[in-house]
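Please read the structure below before turning to the comments.
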Amino acid sequence: MTLEELQSRREKIESASGEILSSMEAIKNETVRVQNVAHNAESIFNDLEAEFERQTELNSADQAFLFLAICLQFLRVYFVNKATSIEKAGTGKKEELLHKIQEEIFSRFDVGERELPRPYYAPLNQIVSGRGVPYDATAFLGEHEKIFKGANHRFSTLAHDPIVGLFVGTANILTNTITFVETPPVVLSKHVVYDAQLKNPKIDYAASASTKTALEKAFSRINGDAESVVAAIIKQIIHIGTDMYTPCGIQLPFANLILDKSTVEKITEYVSTGDVVKIAGSYSIATAIDFIITTVHSLLYDEKKCGSRELHNLKTRKIIRYSYSLVTGSNVLVNTMRLYGGDISALKNMDIAGVIKFLKHIFEDRILQAKIKEEFILGHFDELIRGDENVNLPC
């Protein structure tokens, strides 16, 4: 072996040794780095948790959306309470509006020649021109013990049931009858008679009427006299609407088929069909507001600035949750104080829909936030273990 060959081999050995030593040094440094990360894991997790909270806190733009959400929620509570406020029967603005709508609809009906009513038959001209309904009659033909006292006839008559009334009430209108529960579950029907001007309805308690016959006669008119059936259905729906937000209210569905009249009346003081409709309507409006805030706030998302859409979505949910906390919370607080002072009407002004929404958001947001937070912290910790220097920018 020549001197040049020995020298070349020596240089190769020295180069390989340098590379091995350099690799060993890198391995040593990486091992020390990973050891330091593991040793300081608790502190790192705390820092990552703090970073997560910082990246999901509301900035000035988010606060503007929070203000918008609060305004929309406040308007929802105000206008829903205004639209469902209790008004005296026969004088309320809601009742007047509904009657105008009814008159406008009925003005398009062709009633033809004037007919007189007969047993189990109310002519179209009576249905359309008569403002009242037969099951609102409280006077009796001849001497008879009163079974109704004023507006509490609603708690006996099946036509005032918001669901059963769609069938029984419509049939009563088409047949000039009144159907009521004498003792649950005993149901009776009686004929209602009118004067020559189709006014002053009176219950003919002495003459028996059949509930089955009234239903059959009413719905047999679908073939050949469908216009009368449609008019009766419209009149039934509007009548329930006019009674919904009056002092007596409308009982819960099927209540008077199970409970006696006095019990139904007492329950309706606290929970009525109007309350259920109010809560459902308010909940629907609240859902629409949530959708508006979520959709518009998502337009603020900028991947270059925020990095993670999940974190941005958490801020959106926080905006919505805070709006319920402030608006619904203050509403419940004020009405609780009024209720404590003896004002029972405060119970009906509480934002029950908002409470349901708020609790729903707390439950759902807590689960979602825990999941995203775990992914955020573990993901960044894994990046530190791997030595990845990339981090998400604060949103």
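Here are the numbers:
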| read-out | value |
| --- | --- |
| Residue in segment 45-80 that is farthest from S129 (Cα to Cα), counting only those that are modelled with pLDDT under 95 and among the polar types (S, T, N, Q) | N46 |
| Qualifying residue in segment 360-372 (condition: within 28 Å of H297 (Cα to Cα) and of a type in the set (F, W, Y)) | yes |
| Residue match in segment 105-128 (condition: under 18 Å from I238 (Cβ atoms), open to solvent by 50 Å² or more (accessible area, probe 1.4 Å), at pLDDT 95 or above and not in a loop (DSSP other than H, G, I, E, B)) | yes |
| Qualifying residue in segment 255-264 (condition: in a helix (DSSP H, G or I), loosely packed, with under 15 Cβ neighbours inside 10 Å and at pLDDT 95 or above) | no |
| Odd one out for Q251 among (1) closer than 21 Å to L368 by Cα; (2) open to solvent by less than 10 Å² (accessible area, probe 1.4 Å) | (1) |
| Count - residues of segment 139-156 that are under 36 Å from the mean Cα position of the chain (by Cα) and either surrounded by fewer than 20 Cβ atoms within 10 Å (Cβ to Cβ) or at pLDDT 95 or above (or both) | 4 |
| Failed condition for A196, given (1) buried (at least 23 other Cβ atoms within 10 Å of the Cβ); (2) in a loop (DSSP other than H, G, I, E, B) | (1) |
| Residues of segment 151-165 satisfying the condition of being over 10 Å from Y135 (Cα atoms) and among the aliphatic types (A, V, I, L, M) | A151, I163, V164 |
| Near pairs, Cβ below 8 angstrom, 6+ apart or cross-chain, from segment 204-226 (over 15 Å from A122 (Cβ atoms)) to any residue that is open to solvent by 40 Å² or more (accessible area, probe 1.4 Å) | Y205/L141; Y205/G142; Y205/H144; A206/L141; A206/G142; A206/H144; T211/V187; T211/L188 |
| Residue check for T242: within 37 Å of the chain's Cα centre (by Cα), over 16 Å from V164 (Cβ atoms) and open to solvent by less than 20 Å² (accessible area, probe 1.4 Å) | yes |
| In segment 177-186, residue nearest to A209 (Cα to Cα) [restricted to those that are open to solvent by 10 Å² or more (accessible area, probe 1.4 Å) and touching a residue at least 40 places away in the same chain (Cβ under 8 Å)] | V181 |
| Segment 335-361, subset at pLDDT below 90 and assigned to a loop (DSSP other than H, G, I, E, B), residue surrounded by the most Cβ atoms within 10 Å (Cβ to Cβ) | D343 |
| Residue that is of a type in the set (G, A, S) and closer than 22 Å to K348 by Cα, where the choices are S107, S43, S85, S60 | S85 |
| I250, sole failed condition from (1) out of contact with any helix residue (DSSP H, G or I) (no Cβ under 6 Å at 6 or more places or on another chain); (2) at pLDDT 95 or above | (1) |
| From G274, G281, residue being over 16 Å from A61 (Cα atoms), of a type in the set (G, A, S), at pLDDT 95 or above and surrounded by 18 or more Cβ atoms within 10 Å (Cβ to Cβ) | G274 |
| Test result for V296, surrounded by fewer than 17 Cβ atoms within 10 Å (Cβ to Cβ) and of a type in the set (A, V, I, L, M) | yes |
| Residue within segment 228-238 that is in contact (Cβ under 8 Å) with a residue 24 or more places away in the chain, in contact with a helix residue (DSSP H, G or I) (Cβ under 6 Å, 6 or more places away or on another chain) and under 27 Å from T183 (Cβ atoms) present | yes |
| Leading residue by the ranking (nearest to the chain's Cα centre (by Cα)) among those in segment 79-97 that are exposed (fewer than 12 other Cβ atoms within 10 Å of the Cβ) and either among the hydroxyl-bearing types (S, T, Y) or assigned to a loop (DSSP other than H, G, I, E, B) (or both) | K88 |
| Count of residues meeting criterion [open to solvent by less than 60 Å² (accessible area, probe 1.4 Å) and in a helix (DSSP H, G or I)] in segment 51-63 | 5 |
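Residues checked against (1) farther than 17 Å from L259 by Cβ; (2) part of a strand (DSSP E or B):
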| site | (1), (2) |
| --- | --- |
| R154 | no, no |
| F167 | yes, no |
| A171 | yes, no |
| E182 | no, yes |
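Conditions tested, residue by residue: (1) open to solvent by less than 60 Å² (accessible area, probe 1.4 Å); (2) in contact (Cβ under 8 Å) with a residue 12 or more places away in the chain; (3) assigned to a helix (DSSP H, G or I).
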residue: L300; (1), (2), (3): no, yes, no
residue: H312; (1), (2), (3): yes, yes, yes
residue: K315; (1), (2), (3): yes, yes, yes
residue: T328; (1), (2), (3): yes, yes, yes
residue: F363; (1), (2), (3): no, no, yes
residue: A370; (1), (2), (3): yes, no, yes
residue: K373; (1), (2), (3): yes, yes, yes
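The values are calculated or read from the model by the stated rules, or taken from the named source; none is laboratory data. Just so it is clear, the model here is predicted, and its values are computed rather than measured. Because the Cβ atoms are built from the backbone with ideal geometry, glycine has one as well, and the counts that use them run over all protein chains shown. These area figures cover heavy atoms from the full protein model, side chains too; ligands, DNA and RNA do not enter into them. Shrake-Rupley method; radii C 1.70, N 1.55, O 1.52, S 1.80 Å.
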